[in-house]
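See structure below.
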Amino acid sequence: EFIDSYYFNQAEYIRFNSTVGKYVGYTEHGVKNAETWNKGSVLAQEQAQLESYCKYNAAIDYSVVL
């Protein structure tokens, strides 16, 4: 599971969660940003990062742990 969180003044206001597959806002400002980011290229970039780095390295890391 890949989580990319954004904080302001020690409060989380927006998060990308790979399980959900989109940005989720936790404050009024975060909800507005999540709506914008889910419609634009920001979501595509986050999903590309998930595919190219996280899923590739997850199998490697899992085999090292075992």
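The values are calculated or read from the model by the stated rules, or taken from the named source; none is laboratory data. Source: prediction; values computed, not measured. Counting neighbours? That spans all protein chains shown, and the Cβs are built from the backbone with ideal geometry, glycine included. The protein model used for the area step is the full one, side chains on, heavy atoms only, and it has no ligands, DNA or RNA in it. Shrake-Rupley method; radii C 1.70, N 1.55, O 1.52, S 1.80 Å.
Determine the dipole magnitude for the range 3-65: charges of +1 sit on the beta-carbon of Lys and Arg, -1 on that of Asp and Glu, nothing else is charged, the reference point is the Cα centre, and the result goes in debye to the nearest 20.
On the way: 5 positive and 7 negative charges, 26 e Å.
Approximately 120 debye in magnitude.
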If you stretched the chain out fully between Glu12 and Glu35, how much longer would it get, using 0.36 nm times the residue separation minus the C-alpha to C-alpha distance?
-> 6.7 nm
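Where only protein heavy atoms count, and the probe is 1.4 Å, what is the accessible area per residue for the range 3-65 in Å²?
For the range 3-65, the solvent-accessible area averages 73 Å² per residue.
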Could you list, bin by bin from short to long, the percent of Cα-Cα pairs of the chain in 5 Å steps?
-> 4, 17, 24, 21, 14, 10, 7, 3, 0
Heavy-atom accessible area of the chain with neighbours in place, 1.4 angstrom probe: carbon+sulfur share in percent works out to 54 percent
Simple SL model, points at 7 angstrom along Cα→Cβ for Asp4 and Gln49; separation in nm is 0.3 nm
